[in-house]
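The block underneath contains the structure these notes are about, expressed in structure tokens.
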Amino acid sequence: AIREHAAAVKEHLEAQRRREAWDSTEKEVEATSRGKGLLKYAEKQVKVLPDQIDSAWAEYSDYIKDNDHNRDSAKCMHEHHDFLLLSLQECKDTVEELTKERSEMTAEVKKLLDAVSKKKKHLAKFRTDRRSEKESLYCKIDMILGEYDILRAEYHGGDLTGGHVKILMKKASQIMEQIAACLDKYKSDRCELSKEEIEAKCGEFSKLLTSWNAVLSEVHKVEPEEEDFVRSAKLVGIALKLHRGMGLSITPKGHDVEDHLVKQMRAVPGGLFDFDESWGEQLHQSGSSNDQRLRNQKSEAKKAVSLLATDRRNNLTETQSACEKVKADHTGSKREFDACYFYLFID
């Protein structure tokens with residue numbers, strides 16, 4: 001049986017040997033192929049590695065530089081921080097010194113203001129006492145003005161009302177002559193002005209008042225013509241020249257008169273007569289009397305009807321005629337101006 005199967009066994013063993021040899025060869029080939037791949041990868045890495053080393057070295061160099069810059073920046077910032085702390089302390093010291101100085105100055109200013117306030121009160125009391133004396137120049141001038149029905153006491157604050165100002169302007173020459181004589185007669189021993197100097201100063205005020213009266217007289221003309229515009233411009237120039245020559249300040253109203261009055265007289269149809277404030281002042285007076293008359297009327301509608309009826313009645317021709325008859329003997333204070341007298345002293 002062994003002899004019968006010997007050939008088969010030999011063949012099987014030979015096949016097994018060939019199979020093992022084949023497997024060994026395949027493993028060697030596979031190992032060889034893997035080795036060749038690794039060799040190629042190694043060769044490739046050998047070629048790429050220098051570039052990677054250079055790139056890594058460059059990055060490292062940049063990193064070192066950045067760290068050096070950051071180190072320098074940190075050092076500078078630390079030094080700047082120390083400088084700011086020192087400056088802040090200096091500023092605090094300066095502020096403390098200035099605050100102390102301001103407190104001292106505030107106390108000194110308050111002390112001076114209190115002293116000025118006391119002096120002002122003392123001066124006001126002295127002026128009040130002096131004005132109340134019958135022999136004072138203040139009272140004597142008031143008595144001269146009273147002769148022409150110019151009463152300062154009729155208005156609060158001692159100012160003149162519109163009607164009294166008109167009288168003062170209209171009769172400036174006579175009034176200022178009397179005032180000059182009074183000032184010269186009762187002048188103080190400390191006064192260094194002579195009679196001629198006092199008269200000259202009062203004369204300047206007389207001319208100034210008369211010149212402004214002339215300007216206002218021209219402004220109140222109804223339907224002014226070209227010759228009125230020319231004359232108004234000339235009179236305004238004369239008034240402002242006198243004003244500046246006396247060293248008086250030019251108020252905003254003076255500026256308006258100098259630069260805009262004649263232009264507005266030309267631009268407004270009919271002139272500026274209707275823009276006079278007399279009706280406004282009169283409305284204050286009539287409004288006060290109407291309020292007093294209707295003080296017990298609770299209905300605002302009835303008050304309005306009553307005021308309208310009163311206004312209509314006062315504007316009737318019959319009412320105005322009756323009022324004119326009552327005022328026939330009253331000279332009034334309507335502004336009148338003699339231009340011939342004014343041109344006597346223009347030159």
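Some notes on this structure:
- Contact map, segment 279-304: first residue closer than 29 Å to residue 220 by Cα, second residue modelled with pLDDT under 80 and hydrophobic (A, V, I, L, M, F, W, C), Cβ cut-off under 9 Å, separation 6 or more or different chains; the map is empty.
- Among (1) touching a Phe, Trp or Tyr at 6+ places or on another chain (Cβ under 9 Å); (2) modelled with pLDDT of 80 or more; (3) not polar (S, T, N, Q), the one test that residue 107 misses: (1)
- Residues in segment 168-221 that are basic (Lys, Arg) and within 16 Å of residue 137 (Cβ to Cβ) were compared, and the one that is least open to solvent (accessible area, probe 1.4 Å) is 187.
- Positions within segment 198-221 being farther than 28 Å from residue 185 by Cβ, part of a helix (DSSP H, G or I) and touching a Gly at 6+ places or on another chain (Cβ under 9 Å), in sequence order: 219
- Boolean, residue 221 is under 23 Å from residue 266 (Cβ atoms), among the basic types (Lys, Arg) and at pLDDT 90 or above: no
- Residues satisfying the stated conditions in segment 222-250, i.e. in a loop (DSSP other than H, G, I, E, B), more than 16 Å from residue 209 (Cα to Cα) and either open to solvent by 70 Å² or more (accessible area, probe 1.4 Å) or aliphatic (A, V, I, L, M) (or both): 222, 223, 225
- Subset of segment 272-291 [within 28 Å of residue 208 (Cβ to Cβ) and either at pLDDT below 80 or out of contact with any helix residue (DSSP H, G or I) (no Cβ under 6 Å at 6 or more places or on another chain) (or both)]: 273, 274, 275, 276, 277, 278, 279, 280, 281, 282
- Test: residue 158 is open to solvent by less than 40 Å² (accessible area, probe 1.4 Å), more than 19 Å from residue 253 (Cβ to Cβ) and modelled with pLDDT under 90: yes
- The sole residue among 151, 113, 137 that is at pLDDT 85 or above and either open to solvent by less than 50 Å² (accessible area, probe 1.4 Å) or out of contact with any helix residue (DSSP H, G or I) (no Cβ under 6 Å at 6 or more places or on another chain) (or both) is 113.
The values are calculated or read from the model by the stated rules, or taken from the named source; none is laboratory data. Note that this is a predicted model, so its numbers are computed, not measured. Cβ: placed from backbone, ideal geometry, glycine included. Neighbour counts: every protein chain shown. The accessibility values were calculated without ligands, DNA or RNA, using every heavy atom of the protein model including side chains. Shrake-Rupley method; radii C 1.70, N 1.55, O 1.52, S 1.80 Å.
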